[in-house]
Structure formats: C-alpha cells, structure tokens
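The values are calculated or read from the model by the stated rules, or taken from the named source; none is laboratory data. In this text the structure is predicted, and so the values were computed from the model without any measurement. Every residue, glycine as well, gets a Cβ built from its backbone with ideal geometry; the counts of neighbours run over all protein chains shown.
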Amino acid sequence: MGNACVDTTFRLSRFPAVGETLNATAYADGLGGKGANQAVAAARTGAAVTLWTALGKDPAGAWIRSRLDMELSDVQVSVFDLPSDRSTIVIDAGGENFIVSGVACSQAFDPIVQTALARRITSGDILVCQGNLRGSATNACLRAARESGTRTILNASPIDQAGLADFRLADLLVVNQSEAKALTGRSDMAAAAGALAAKGVGTVVITLGAEGCLVLGPDQTRTLPLPAPHVEALDTSGAGDVFCGCLAGGLARDMPVISALKFALTAAAIAVTRPGTLLSCPSASEMAALVDQTEFS
Ligand code: ADP
C-alpha cells in the first residue's frame, strides 16, 4: 500500500533564479509515487499484487488510475475530494534535480479505517509500506498485518522524523545510506544496521547504491554485504523502488531472503542503466528471465 502520483519532469539547461521564468528543453508526465512504483515492479516479477492507494476526484486521478490499470490487475483506490498527489521534478543539464510534491491524498489516506485491507490480508501475503503516509496510518497497516500473520516490509522513505513508523512492526526494513544515517546518526553502515536492528526490526537491509546492499538478519551477529552487478549507471532515479518491489516480488515467488535480495540487486542494476523512474524498471519478460536465473537457496 502507498502513494501514487503524477510525476511531471522538466528538463532545463540550468535552474532558474528566484523570480525568473525559463522554458524547459523537454517535459513529460509519468506515473510515480513510491507505492505505485514498488507495486508495478513487484507485479512484473510475476507476483500477484494488489495496490491500495489514494487519489483525488480530478482528471489527474483518472489519469493515474488508467496508468495503474495498465500495469496491475488489482488496484484498490480510495477517492478523496482533494487534488491528486503530484510531483514536479526539475532536472538541469548536469543531472542535478529538485523536486516539489503535493501530498494531500497520501496524507489523508488511512487504509485500515477507509478500506478493506485488514480483511483482505492473510498469512501468506506480504505487506509493503513506505514513508509517504502518516506514520499512524502506516503503523495501523503494519499492526493489522502482524495480527493476520502477514510478513511486513517497510521501506522507510521518505523519512519524516515527526511521523516515523514503528520499526518493531517491520519484519524487513529497507533504507538507503542517507536514511540509515539520518535514523541512527551513524556514518558507518554496519554500525547503522546494528542500531536499526536494536530498534526491534527483524531483518535490516541498507542499500548502498553501486556497492549493492548490507543485510543484518535477526540471527546474525555481523552484517552481510551483497555486491551489486557492475554496470554503467545512466539514471539512478527510482532504483530503490525497483529494489524494494523486486525484493517483495522475489519473496512472494518463494525465494529465500538472500536470493530475493540478489534478485533485487540484479533488477535494480538493469534499471540504473536506463533513463526514467518506472520506465527503467525491467519488463515482465526480463523479470521472468531473471527469476529463472535466480538460485532459490
Ligand atoms: P535510493 O535509490 O533509494 O537512493 P540506492 O542509491 O542505495 O537507493 O540504490 C538502491 C539500489 O539500486 C542499490 O542497492 C543497488 O541495488 C541499485 N543501484 C543504485 N545505483 C547503482 C549503480 N550505480 N550500479 C548498480 N546498482 C545500483
């Protein structure tokens, strides 16, 4: 469950100064939002995915819905009398960006109160949450999952220090390096993983960009580094979402945790060689080939 939005990307030769208007060299709308991105990546692995999300009663909401329906067979939408969530992404010639987001729907979304999520999840399922909803709403979902014996993955991104989810409710926590540092104050990632485990998380996964990831399981005393395939990266936006979606998809396809992490590392490495966020995510047929190559041990 999570957010879905319109990402409008403007490419500019340089950023405008305050008060200045500049024409973009290119611009386009795309489906975005961490919830949507991760659901699509998971569905492309061949896992059966239901996305629980919130949209506004506006043309943007209808557009997001049509794009979700092209990718997912089960989309459960809560519709609010609010503007649909959207992000404006401005990228300069050097690839630097800034992003401004409108998040009315994800902030109003409370899946346990407003949807049938709690009644639908069962012990064989995996609930994947991110950091876009209010912490209390995310916690209610994680708690309901725990009560149903459902495995939980929390990708605690973006981090809202004032509204953090309860990490004790996460069987698997995924964060990137800067999030791990922000959450623990530790620059050393093995120490950060230990500090996150001490908060009561089951398994801690810290993604390390081109270096792959670190994993610290509940029975492990030391972190296990898993390298990423070496690739020529072109655009790393959305890599974390491909990673999380494929991790969930791999687990849903009965891969053990380490196999699912290796599968996610391979899929994310493919994504960073291509432009775009969702556009760069491996297709269903590419995922099928990756699943075939994965050792389930
Ligand atoms: P985020 O995208 O959330 O900032 P990371 O930068 O850690 O997080 O990237 C997430 C995952 O994407 C990494 O664990 C890795 O699997 C993959 N990835 C990112 N950058 C690269 C890269 N340059 N080469 C290969 N894989 C990469």
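Of all the residues in segment 1-23, those that are in contact (Cβ under 8 Å) with a residue 24 or more places away in the chain, of a type outside the set (D, E, K, R) and outside any strand (DSSP E or B) number 7.
Note on segment 146-172: residues that are part of a helix (DSSP H, G or I) and either modelled with pLDDT of 95 or more or among the hydroxyl-bearing types (Ser, Thr, Tyr) (or both) total 6. Looking across segment 212-239, just one residue is on the phi > 0 side of the Ramachandran plot and either at pLDDT 95 or above or surrounded by fewer than 17 Cβ atoms within 10 Å (Cβ to Cβ) (or both), and that is GLY212.
Within the option set ASP188, ASP235, ASP241, being within 9 Å of the ligand (Cβ to nearest atom) and out of contact with any Asp or Glu (no Cβ under 9 Å at 6 or more places or on another chain) holds for one residue only, ASP241.
With respect to ALA269, is the statement that it is of a type in the set (Gly, Ala, Ser) and more than 30 Å from ARG146 (Cα to Cα) true? So ALA269 passes the test.
With the requirement that a residue be surrounded by fewer than 19 Cβ atoms within 10 Å (Cβ to Cβ) and near the ligand (Cβ under 9 Å from one of its atoms), what does segment 191-211 give you? Matches in segment 191-211: LEU208, GLY209, ALA210, GLU211. Residues satisfying the criterion are present in segment 246-257 (criterion: closer than 22 Å to SER157 by Cα and within 11 Å of the ligand (Cβ to nearest atom)). Looking across ASP7, ASP58, one residue alone is surrounded by 20 or more Cβ atoms within 10 Å (Cβ to Cβ), over 24 Å from ASP125 (Cα atoms) and of a type in the set (D, E, K, R). It is ASP7.
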